[in-house]
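Structure record follows, encoded as structure tokens.
The values are calculated or read from the model by the stated rules, or taken from the named source; none is laboratory data. Remember, it's a predicted structure, so these values are computed and weren't measured experimentally. Cβ placement follows ideal geometry from the backbone for every residue including glycine, while neighbour counts extend to all protein chains displayed. For accessibility, only protein heavy atoms count, side chains too; no ligands or nucleic acids. Shrake-Rupley method; radii C 1.70, N 1.55, O 1.52, S 1.80 Å.
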Amino acid sequence: MTIKQASAQGVQWFEDARFGMFIHWGLYSILARGEWVMHHEKIAPAEYEKLAGQFNPYHFNADEWVSIAADAGQRYMVITSRHHDGFSMFDTALSDYKVTNTPFKRDPLRELADACARRRDVKLGFYSSLLDWHHPAYRFRKESGQTWADYIAFLHGQVRELCTQYGSIACIWFDGDWPVQKLGTDNAYFAPGGSFEYDKLYDMIHTLQPDAMVINNRHAEPLPGEDIQGFEQDLPGQNSAGFNAERIYDQPLETCMTLNDHWGAYAGDENHKSTRHLIHTLVRAASAGSNLLLNVGPTALGELLPAHVQRLREMGAWLTLFGESVYNTRVGAVIASPEVVSTSKDNTHYVHVLNYVSDVVPLKIVPASVKAATLLRDGSPVKLELQGDTAALLTIPYNQRDEFDTVVKLTA
Ligand code: GLC
């Protein structure tokens with residue numbers, strides 16, 4: 001059987017979008033020690049479950065979150081429907097361990113889907129954990145008498161719910177393939193010879209939601225049915241995190257990254273990246289042909305951190321002026337240097353001068369069609385000296401530079 005992929009339309013939407021919001025939100029947000037707290041602190045499921053009785057994010061306002069994303073220039077958001085702790089943040093029919101059985105009672109995924117549908121400029125996608133530290137059929141088969149097939153029915157059934165009950169979705173974002181990669185399929189939690197039955201899972205998604213992109217955070221070459229190569233905490237091709245693939249495959253790309261140092265809420269983590277760094281990361285990602293999925297970890301009360309909202313607003317303000325050089329672009333034709341990266345759209349090329357080294361900016365590869373250079377900011381001409389077939393010099397005096405990124409548009 002050939003496995004379906006996302007539609008051409010879905011792929012184009014994704015690659016044009018370039019910027020999204022990642023949201024890690026769940027019971028762990030109450031403890032505010034990251035989304036791995038249950039595992040790291042060896043909290044027994046029966047103990048951890050008690051958090052459900054406390055979950056009541058009465059400040060949560062879906063319209064507000066969606067407008068913060070839209071104002072930031074983010075074209076999609078991806079929220080945790082169920083993280084590794086096994087708690088469902090939506091009104092699933094397949095488990096009682098879910099958000100609608102907390103004092104909160106509401107389904108935030110439904111509210112976000114409705115808010116996105118009202119605005120139409122931000123699409124919603126869902127993170128889904130492959131592993132589950134709580135489910136009897138994943139972790140406690142001996143004690144519960146459940147089988148691996150029961151777990152697969154649960155996992156696939158939840159994805160079916162996400163694909164059929166929340167309107168048109170941007171993507172399904174899988175995470176937690178590690179037991180397979182690190183321990184093999186024959187470990188304590190995994191049924192001997194078991195698998196996540198990806199072929200069936202991906203085919204179901206592509207049948208129910210032809211435009212939705214499938215990504216699996218496996219840090220490896222995409223499998224058939226996966227539509228995106230993902231990078232975690234690194235730009236494509238870089239591997240400072242130590243677990244990313246260094247090779248870039250011929251697929252749509254996405255880099256996911258935290259705004260501070262954690263995915264889920266983490267009290268005391270004030271190590272927020274600067275707006276300048278974030279804009280540079282977005283532009284560097286785009287220049288490599290990649291989207292940036294930038295993570296926020298809301299509080300247990302349903303608030304985004306003010307420090308994050310501020311940075312998102314600043315990114316949005318920048319994108320209002322310079323978004324033309326990011327959205328709908330593809331890998332840049334002008335070769336990157338520590339000073340410069342580029343993005344391209346047909347015969348138009350955007351040179352992003354990120355750092356000031358000298359007034360004269362050397363460009364290594366310039367497509368032959370290029371004849372003129374202007375500042376994207378106001379259309380004023382920039383001195384362009386073509387040198388032979390492929391090289392050129394731009395002259396941009398220091399007082400003409402922009403705060404974050406001086407964008408020069410090269411045209412025929
Ligand atoms: C890592 C973390 C996981 C998080 C994911 C997001 O895999 O372990 O908790 O959800 O990154 O990319």
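Helices (runs of 4 or more DSSP H) wholly in the stretch 16-89 with at least 1 residues that are away from the ligand (no atom under 13 Å from the Cβ) - which ones? Before the answer, list the steps.
Details: elements: 28-31, 37-40, 45-48, 62-71.
It comes to 28-31, 45-48, 62-71.
Looking at H134, is it within 16 Å of the ligand (Cβ to nearest atom) and open to solvent by 20 Å² or more (accessible area, probe 1.4 Å)? If you could, list the steps in order and put the result at the bottom.
Working: within 16 Å of the ligand (Cβ to nearest atom): yes; open to solvent by 20 Å² or more (accessible area, probe 1.4 Å): yes.
Yes, satisfied.
Search the stretch 156-187 for residues being of a type in the set (D, E) and within 21 Å of P222 (Cα to Cα), and hand back the single one that is modelled with the lowest pLDDT. Give the steps one after another, and end with the answer.
Going residue by residue through the stretch 156-187, those that are of a type in the set (D, E) are 161, 175, 177, 186.
So of that shortlist, the ones also within 21 Å of P222 (Cα to Cα) come out as 175, 177.
Values: D175: 96, D177: 87.
That would be D177.
Conditions: (1) part of a helix (DSSP H, G or I); (2) within 16 Å of the ligand (Cβ to nearest atom); (3) under 20 Å from the mean Cα position of the chain (by Cα); (4) not basic (K, R). V11 meets all but one. Number of the miss?
The one condition V11 does not meet is (2).
Filter the stretch 100-118 down to residues that are farther than 18 Å from L155 by Cβ, outside any loop (DSSP other than H, G, I, E, B), of a type in the set (A, V, I, L, M, F, W, C) and open to solvent by less than 60 Å² (accessible area, probe 1.4 Å), then give me how many there are.
Step one: of the stretch 100-118, the residues farther than 18 Å from L155 by Cβ are 100-108, 110-118.
Among the residues that remain, those that are also outside any loop (DSSP other than H, G, I, E, B) are: 100-101, 108, 110-118.
Filter once more, so that each one left must be of a type in the set (A, V, I, L, M, F, W, C): 112-113, 115-117.
Still in the list and also open to solvent by less than 60 Å² (accessible area, probe 1.4 Å): 112-113, 115-116.
The total comes to 4.
A quick yes/no check of all residues on (1) among the β-branched types (V, I, T); (2) in contact (Cβ under 8 Å) with a residue 40 or more places away in the chain:
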residue	(1), (2)
S325	no, yes
E339	no, no
I365	yes, no
V370	yes, yes
L376	no, yes
K383	no, no
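Consider V366 against the criteria (1) over 26 Å from the mean Cα position of the chain (by Cα); (2) open to solvent by 30 Å² or more (accessible area, probe 1.4 Å); (3) modelled with pLDDT under 95: it satisfies all of them except one. Which criterion is unmet?
So V366 meets the others, but not (2).
Being touching a residue at least 60 places away in the same chain (Cβ under 8 Å), among the hydrophobic types (A, V, I, L, M, F, W, C) and touching a helix residue (DSSP H, G or I) at 6+ places or on another chain (Cβ under 7 Å) is the filter here, so list the residues in the stretch 16-36 that pass it.
Hits for the stretch 16-36 are F19, M21, L27, I30.
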